[in-house]
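Peer 1: Structure below; questions to follow.
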Amino acid sequence: MGKETVKIGLIGLGTIGSGFAALLKRNNSYISENSGINLELSKVADKDRAKLEAQGFSEELIAGDIREVTENPDLDIVVELIGGLEPAKTFITEALKNGKHIVTANKDLIAMHGKELLNLASEKGLNIYYEASVGGGIPLIRPLKHSLAVDKIYRLVGIVNGTTNYIFTRMAQDNLGLSDALIEAQKLGFAEPDPTNDIEGFDAAYKLMIMSSLAFGSIVERDKLYVEGIGKVTYEDIDYAREIGYAIKLLAIGEKLPEGLALRVHPTLVPFEHPLASVQNELNAVYIEGDAVGEVMLYGRGAGAMPTATSVLADVTEAARSVIFRPNAGVIESSSSQLPLIPIEEMNTRFYLRFLADDRPGVFAALANAFGDEEVSLDMVIQKRRVGNTAEIVLVTHEVKEAAFRKALDKVMSIEAIKPEPSMIRLLS
Ligand code: HSE
């Protein structure tokens, strides 16, 4: 077999884009020897032309206009690494209309408009590759799309945001505050350009939507997903969790139940013996449970330039194979359906609750009544004296419907001796 050359256009020279360009240069001859395919970066575009010049791209390589990439008849693959919905969606649509395969790390776009774009790709006999959109360097999309697609996956639980996992790790190990830990994560290149998406859980929610579409064959509307960020979790919670045998992680959880899909993103107490509890720093992991396969955990670097660039380059190589060997690759995931979503109030969960209360007779009796009335059963109770006559109470419930727990919590908070602003975190069951 002779060597074939596949031409690539790259849009976006930010952290991941620069990492991809560097990795392509570094590993190109190695890939060529192994696969017989020559990958050639033929055009690069970024709204900041000075950035391209500073990175040493020649005049010939630099696109003066985005159409030199999206409409360029010489290019086979367009790699979109600018992120966000627009103008990325327009650029990808134009590139598909002009016959290019797409490689992207854009989780927002794939989560929100993946089906529409994949349908367009399918119509054109093209494909969209998005391994880098979830879990950085961890092969996750391909296993879900291929290896595990033959099994009935009924649950996936993931640490899919490197920034928040890094923040929790630093809070637990070094008592660093959330904002200091976030600054570190930003310096290390893990955080999104606007870290609100990391902290508020939206980044993890987009990733959960993508994984669910593959694992459960169901497209989910973003607004229907329960998403809670990490902003309210404090050292005290991390310390108490440790005392009772748990780590706190931001989890994306998806379950296929007889009534529909239970999907949510929230901080969660994870028992130390669960493999996800030991996933530290920016590392990500997704724990998947399937009917025949049992448990599978995919683990690795979920953020950062070079790990994510590895996934992009792997996709480019797969797209290049498609260009050479299988022009009509087809796209199975665009045929997803829409299963009913179970509202968070209907989900069964265990809860951790921490609050301050006046330390006087009758408080525990009132608490017990509030929980008892709503049939919330307590599994664990800790009380410690804080200042003067104020006690800190931490309790963990058995599994209960969220709506019942919320009713009980309202009753608890109406007890005069209980101070406002309790800390409430769900447990992984
Ligand atoms: N901001 C993301 C994270 C980067 O922290 O995981 C990868 O999507």
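Peer 1: Go through the range 223-247 and give me each residue that's under 23 Å from Leu109 (Cα atoms) and either within 16 Å of the ligand (Cβ to nearest atom) or buried (at least 22 other Cβ atoms within 10 Å of the Cβ) (or both). Break it down into steps so the answer makes sense when it comes.
Peer 2: To start, the set of residues in the range 223-247 that are under 23 Å from Leu109 (Cα atoms) comprises 223-229.
Within the range 223-247, Leu225, Val227, Gly229 qualify.
Peer 1: Next question, about the same structure. Hey, does the range 166-178 have a residue that's at pLDDT 95 or above, over 25 Å from Leu257 (Cα atoms) and either in the same structural domain as Ile16 (by TED's automatic domain parsing) or near the ligand (Cβ under 10 Å from one of its atoms) (or both)?
Peer 2: There is at least one residue in the range 166-178 that is at pLDDT 95 or above, over 25 Å from Leu257 (Cα atoms) and either in the same structural domain as Ile16 (by TED's automatic domain parsing) or near the ligand (Cβ under 10 Å from one of its atoms) (or both).
Peer 1: Tell me the residue from Leu257, Leu261, Leu269, Leu283 that is within 16 Å of the ligand (Cβ to nearest atom), aliphatic (A, V, I, L, M) and outside the structural domain of Leu39 (by TED's automatic domain parsing), please. Quick ask: steps written out before the conclusion?
Peer 2: Numbers: Leu257 fails: within 16 Å of the ligand (Cβ to nearest atom); Leu261 fails: within 16 Å of the ligand (Cβ to nearest atom); Leu269 fails: within 16 Å of the ligand (Cβ to nearest atom).
From the options Leu257, Leu261, Leu269, Leu283, the qualifying one is Leu283.
Peer 1: Sort out which residues of the range 136-145 are within 11 Å of the ligand (Cβ to nearest atom) and either part of a strand (DSSP E or B) or crowded, with 24+ Cβ neighbours inside 10 Å (or both), and write them in order of number. Don't jump to the end; show me each part of the working.
Peer 2: Let us first name the residues in the range 136-145 that are within 11 Å of the ligand (Cβ to nearest atom), namely 136-138.
Gly136, Ile138, listed by residue number.
Peer 1: Output the number of the condition that Glu374 fails; it satisfies all remaining conditions of (1) within 34 Å of the chain's Cα centre (by Cα); (2) modelled with pLDDT of 95 or more; (3) not small (Gly, Ala, Ser).
Peer 2: Just one mismatch for Glu374, condition (1).
Peer 1: Another one. Residue check: is Gly201 on the phi > 0 side of the Ramachandran plot, within 15 Å of the ligand (Cβ to nearest atom) and modelled with pLDDT of 90 or more?
Peer 2: Details: on the phi > 0 side of the Ramachandran plot: yes; within 15 Å of the ligand (Cβ to nearest atom): yes; modelled with pLDDT of 90 or more: yes.
Against the criterion (on the phi > 0 side of the Ramachandran plot, within 15 Å of the ligand (Cβ to nearest atom) and modelled with pLDDT of 90 or more), Gly201 qualifies.
Peer 1: Still on this structure, I have one more. Looking only at the range 252-288, filter to residues that are in a loop (DSSP other than H, G, I, E, B) and hydrophobic (A, V, I, L, M, F, W, C); which one of those is surrounded by the most Cβ atoms within 10 Å (Cβ to Cβ)?
Peer 2: Within the range 252-288, the subset in a loop (DSSP other than H, G, I, E, B) is 258-259, 272-274, 279-282.
Next, only the ones that are hydrophobic (A, V, I, L, M, F, W, C) stay: 272, 279.
Working: Phe272: 12, Val279: 24.
Top of the filtered list is Val279.
Peer 1: Moving on. Please state which one of Lys152, Lys89, Lys124 is outside the structural domain of Val69 (by TED's automatic domain parsing) and either on the phi > 0 side of the Ramachandran plot or of a type outside the set (Asp, Glu) (or both). Even if it seems obvious, please write down each step before you answer.
Peer 2: Values: Lys89 fails: outside the structural domain of Val69 (by TED's automatic domain parsing); Lys124 fails: outside the structural domain of Val69 (by TED's automatic domain parsing).
Selected residue: Lys152, the only one of Lys152, Lys89, Lys124 that is outside the structural domain of Val69 (by TED's automatic domain parsing) and either on the phi > 0 side of the Ramachandran plot or of a type outside the set (Asp, Glu) (or both).
Peer 1: Do you know which residues across the range 158-207 are closer than 16 Å to Ile253 by Cβ and touching a Lys or Arg at 6+ places or on another chain (Cβ under 8 Å)?
Peer 2: Once the filter is applied, which keeps residues that are closer than 16 Å to Ile253 by Cβ and touching a Lys or Arg at 6+ places or on another chain (Cβ under 8 Å), the range 158-207 yields Gly158, Ile159, Val160, Asn161, Asn165, Asp203, Ala205, Tyr206, Lys207.
Peer 1: Could you grab the pairs with beta carbons closer than 7 Å, sequence gap of 6+ or different chains, first residue in the range 290-316 and closer than 21 Å to Ile37 by Cβ and within 13 Å of the ligand (Cβ to nearest atom), second one assigned to a helix (DSSP H, G or I) and β-branched (Val, Ile, Thr)?
Peer 2: Ala309/Ile16; Val312/Ile16
Peer 1: With respect to Gly83, determine if the residue is in contact with a Pro (Cβ under 8 Å, 6 or more places away or on another chain), part of a loop (DSSP other than H, G, I, E, B) and either surrounded by 16 or more Cβ atoms within 10 Å (Cβ to Cβ) or not assigned by TED's automatic domain parsing to the domain that holds Tyr206 (or both).
Peer 2: On the way: in contact with a Pro (Cβ under 8 Å, 6 or more places away or on another chain): yes; part of a loop (DSSP other than H, G, I, E, B): yes; either surrounded by 16 or more Cβ atoms within 10 Å (Cβ to Cβ) or not assigned by TED's automatic domain parsing to the domain that holds Tyr206 (or both): yes.
So Gly83 fits the description; yes.
Peer 1: Do you know which of the residues in the range 47-80 that are in contact (Cβ under 8 Å) with a residue 60 or more places away in the chain and part of a helix (DSSP H, G or I) is farthest from Leu118 (Cα to Cα)?
Peer 2: Residues of the range 47-80 that are in contact (Cβ under 8 Å) with a residue 60 or more places away in the chain, as a first pass: 69-70, 72, 74-80.
Remaining after also requiring part of a helix (DSSP H, G or I): 69-70.
Values: Val69: 20, Thr70: 17 Å.
In this case the residue turns out to be Val69.
Peer 1: Can I ask one more? Whether any residue in the range 4-21 is out of contact with any helix residue (DSSP H, G or I) (no Cβ under 7 Å at 6 or more places or on another chain), crowded, with 16+ Cβ neighbours inside 10 Å, among the charged types (D, E, K, R) and over 27 Å from Ile210 (Cα atoms) is what I want to check.
Peer 2: Yes, because at least one residue in the range 4-21 is out of contact with any helix residue (DSSP H, G or I) (no Cβ under 7 Å at 6 or more places or on another chain), crowded, with 16+ Cβ neighbours inside 10 Å, among the charged types (D, E, K, R) and over 27 Å from Ile210 (Cα atoms).
Peer 1: Restricting to the range 8-27, count the residues that are at pLDDT 95 or above, in a helix (DSSP H, G or I) and not aliphatic (A, V, I, L, M).
Peer 2: Total meeting the criteria: 7.
Peer 1: Looking at (1) within 16 Å of the ligand (Cβ to nearest atom); (2) farther than 19 Å from Ala319 by Cα; (3) of a type in the set (Phe, Trp, Tyr), which is the one condition that is false for Tyr130?
Peer 2: Failing condition for Tyr130: (2).
Peer 1: If you go through the range 179-186 one residue at a time, do you hit one that is of a type in the set (Gly, Ala, Ser), over 30 Å from Glu289 (Cβ atoms) and away from the ligand (no atom under 15 Å from the Cβ)? Give the steps one after another, and end with the answer.
Peer 2: Let us first name the residues in the range 179-186 that are of a type in the set (Gly, Ala, Ser), namely 179, 181, 185.
Remaining after also requiring over 30 Å from Glu289 (Cβ atoms): 179, 181.
If we keep only those that are away from the ligand (no atom under 15 Å from the Cβ) as well, we get 179.
The answer is yes; a qualifying residue exists.
Peer 1: Those residues that are outside any strand (DSSP E or B) and of a type in the set (S, T, N, Q), I need them from the range 376-406; list them, please.
Peer 2: Ser377, Asn389, listed by residue number.
Peer 1: For the range 385-429, name all the residues that are closer than 15 Å to Val363 by Cα, polar (S, T, N, Q), touching a Lys or Arg at 6+ places or on another chain (Cβ under 9 Å) and modelled with pLDDT of 95 or more.
Peer 2: none
Peer 1: Residues in the range 146-159: is at least one touching a residue at least 12 places away in the same chain (Cβ under 8 Å), in a helix (DSSP H, G or I) and within 13 Å of the ligand (Cβ to nearest atom)?
Peer 2: no
Peer 1: Next question. Could you grab me the full set of residues in the range 219-236 that are within 13 Å of Thr169 (Cα to Cα) and not hydrophobic (A, V, I, L, M, F, W, C)?
Peer 2: Initial filter on the range 219-236 (within 13 Å of Thr169 (Cα to Cα)): 230, 233-235.
Of everything in the range 219-236, those that are within 13 Å of Thr169 (Cα to Cα) and not hydrophobic (A, V, I, L, M, F, W, C) turn out to be Thr234, Tyr235.
The values are calculated or read from the model by the stated rules, or taken from the named source; none is laboratory data. On a predicted model such as this, the values are computed, not experimentally measured, just so you know. When we count neighbours, we look across all protein chains shown, and the Cβ atoms used for this are built from the backbone with ideal geometry, even at glycine.
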